[in-house]
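So the structure is just underneath, and the comments pick up after that.
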Amino acid sequence: MNQLVSLFIFVFITFNLTPVFASSNTGLELIKKTMSRYQLAPAVEITLSKIVTLALLDETKKSEGRLFFSKGKMRLEIDKPEESIIVMNNNTLWVETPTPEELGGKTQVIKIRSQELSQQAKAPLAALLGKPSAWDQMKLLKEENKSGVVSLILAPKKENTFGDVVSISLEINRDSNEISKIGYKDDLDNETKFEFQKSNFKAKATKNMFQYVPPKNSQITEY
């Protein structure tokens, strides 16, 4: 009788738990494979939408933008109402955000030289796309595959590893090996999503595209 019970437990574990672990490994491998395509491409131009949901205010804002990526360098331009510019080059990350006129109108600029992931996560999209090692610090919580689109939810392995980001969502088209959506939530349940509408892997990038000079009289904060 004990042998029969042991056999039952063995079969149950084999057929019910193994797929979970296999799914986890497959999901992380798919993420790294897809990210490497963007990181190794000579140049990629992406048209996208940025959707910000503020939980406490129950408010959602949508903006359009463009992202240029070339061998670890990045430029993200977002139009109003969430107007901003992010430039990543030569181990320096710049984040430019205008301040409304009613609050003084001075442009706020964050300059990040630190290689610490917790600091670079002040610009989460740049860290996720431009820093391959960022994904080694994540654990896969959920994975679904519907009609060739893989949806994944991840979280940092250790608290505060990725700043105030507590979860990351990702959608990958398995057939084209392209990202369709990427987003993240902070510890206040605010959510930022980027929907990739079109990715051009034959784009041409210029050196000036990844250069950045802060506007005059801007307020610069360094990390």
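Bear in mind that the values in this text are calculations on the coordinates, not laboratory data. Small disclaimer: the values here were computed from a predicted structure and weren't measured. When we count neighbours, we look across all protein chains shown, and the Cβ atoms used for this are built from the backbone with ideal geometry, even at glycine.
Here is how the numbers come out for the structure above:
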{"read-out": "DSSP-loop trypsin sites (Lys or Arg not before Pro) across region 18-101, with at most 15 other Cβ within 10 angstrom", "value": "LYS71"}
{"read-out": "Within the chain, helix-based [θ] at 222 nm, where runs of 4 or more DSSP H residues each add -39,500 (n - 2.57), nearest 500", "value": "-7000 deg cm²/dmol"}
{"read-out": "Selection of GluC sites (Glu not before Pro), region 65-107, meeting DSSP coil and at most 14 other Cβ within 10 Å", "value": "GLU83"}
{"read-out": "Part-to-part distance (alpha-carbon centres) for region 74-105 and region 171-223, which is given in Å", "value": "11 Å"}
{"read-out": "Sparse-neighbourhood loop sites, trypsin sites (Lys or Arg not before Pro) in region 80-124 - DSSP loop, at most 14 other Cβ within 10 angstrom", "value": "LYS106, ARG113"}
{"read-out": "Cross-link pairs beyond the 26 Å C-alpha cut-off, checked among LYS111/LYS131; LYS80/LYS142; LYS106/LYS198; LYS71/LYS193", "value": "LYS80/LYS142; LYS106/LYS198"}
{"read-out": "Calculated P(r) tail over 32 Å for region 2-222, as whole % of Cα pairs", "value": "23 percent"}
{"read-out": "Dipole moment magnitude, nearest 20 debye, region 70-223 about Cα centre, only Lys, Arg, Asp, Glu C-beta charged", "value": "820 debye"}
{"read-out": "Signed unit charges on C-beta, dipole axis of region 2-222, positive-most listed residue TRP94, SER218, SER36", "value": "SER36"}
{"read-out": "For MET209, net neighbour charge (Lys/Arg +1, Asp/Glu -1) across residues whose Cβ lies under 9 Å away", "value": "+3"}
{"read-out": "Average Cα contact separation per residue, region 2-222, under 8 Å, 6 or more apart, as relative contact order %", "value": "22 percent"}
